[in-house]
Structures are given as structure tokens and as C-alpha cells.
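Contents: one structure, followed by commentary.
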Amino acid sequence: MSGVPERLRNLSSYEFYNTAIELRVEVLSIITSSAIPKSRRFTFAVPMAETARSVVYNIVRGYAFYPNSMDNVAARKRYYTLAIADCEQLYQDAQAYLEVCRRKGDTQHVGAFERMAGLVDSEIKLLKGARNGVKLIGSC
């Protein structure tokens, strides 16, 4: 247990990474469930899985640049921006799939995407905060 009272604790600086991992696991659980039938998995599930993987990839890649030069600050911010764009793409993929289902009269699996949408919202917010918090630390 931490000696810091809970009301004085703030968000971990790695919370965006943990949320990205959780988002990836959630996407994988959706695409391997009955929410996406096998006949539509190649069209919808594979791109969604790759995009969720790319969110984590861009966060890891951005974190590899220690912000001790302006070039590294710009690189870290760039990769965090790419991760945000991947999150937006997950929204688009889910919306496209749900629209196809709606047009075919199948709305039984809409609920499977609600948790994912909440995680995407949270991840975008955390990534924007992390990106805005990247500052030059010392210099080379």
C-alpha cells in the first residue's frame, strides 16, 4: 500500500499504456466472439485487430524517444499523435461494421462494442494529455 492518501494520488504517467493494452485485449475479445461472424472477420476483424495493435506499437515507439532534444520531443509527440489517429480509426471501423449490421437488420451485437468505445474515449483523452505533457528535459 502507498503511504499517499488516495485523494492525493494522481493518474499514473503510464496509464495511457495500460489503457492501450486493455483496449487491444477488448478488441481481440470482440473479434473472436460471436459479435463478428466468421464470414465478416476478414473484412472487419483483421483490420480492427491490426489497428489496436498499432495503438500499442505507436505508444511504445514514442516512448523510446527520450525528450532531451527538440527532435526527440517532436518524435514522441508524433507517435502519440499516430496512436490517437489509430484510436479514431477504431471508431470508424466499429461504426462501419455496426452500420452494415443495421442495414441487414442485425442489431443484437451492438452492446459488445460499448466497452470498446468507452476505452477508446479514455485512451484518446489520456494520449492527448500525455502528448501535451511532453516537454524538453535538459539538452544534449
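Rounded to the nearest 10 degrees, what's the angle between the helix 46-63 long axis and the longest principal axis of the chain, both from Cα atoms, 0 to 90? That helix lies at roughly 0 degrees to the long axis. Partners of K38 within straight-line reach, counting lysines whose Cα lies under 25 Å from its Cα and excluding those fewer than 8 residues away in the same chain: K104. Specify whether the C-alpha gyration tensor of the range 64-123 places it in the rounded, prolate or oblate class, a ≥ b ≥ c being the square roots of the eigenvalues: rounded for a/c under 1.5, otherwise prolate if a/b is larger than b/c and oblate if not. The shape class here is prolate. When the alpha carbon coordinates of the chain are projected onto the principal axes, the ranges are 58, 38, 19 Å, largest first.
Counting charges near R53 (Lys, Arg +1; Asp, Glu -1) among other residues having Cβ under 11 Å from its Cβ returns a value of -1.
A Förster distance of 41 Å, applied to the separation of the beta-carbon atoms of A64 and S39, puts the FRET efficiency at 0.55. When only C-alpha pairs under 8 Å and at least 6 residues apart count, what is the relative contact order of the chain, in percent? RCO, the chain: 32 percent. Against the longest principal axis of the chain, how steep is helix 114-132, in degrees 0 to 90 to the nearest 10, with axes from Cα atoms? For helix 114-132, the angle is close to 20 degrees.
Can you tell me the FRET efficiency between T81 and E22 if r is taken as the Cβ-Cβ distance and R0 is 30 Å, rounded to the nearest 0.05? E(calc), rounded to 0.05, equals 0.90. Backbone geometry of the range 31-44 corresponds, through the Karplus equation with coefficients 6.51, -1.76 and 1.60 at θ = phi - 60°, to 3J(HN,Hα) couplings of 6, 9, 9, 6, 5, 10, x, 4, 5, 10, 5, 5, 6, 10 Hz, x marking Gly and Pro. Residue ranges 119-126, 43-50 sort as 119-126, 43-50 when ordered by packing (mean number of other C-beta atoms within 10 Å per residue, highest first). In this structure, the amide hydrogen of S69, modeled 1.01 Å from its nitrogen in the peptide plane, lies closer than 5 angstrom to those of I137, counting only residues at least 5 positions away or on a different chain.
Each reported figure results from applying straightforward, stated rules to the coordinates on display, with no laboratory input. This structure is a prediction, so every number in the text was calculated from the model and none was measured. Cβ coordinates were reconstructed from backbone atoms using ideal geometry, including for glycine residues, and neighbour counts include every protein chain displayed.
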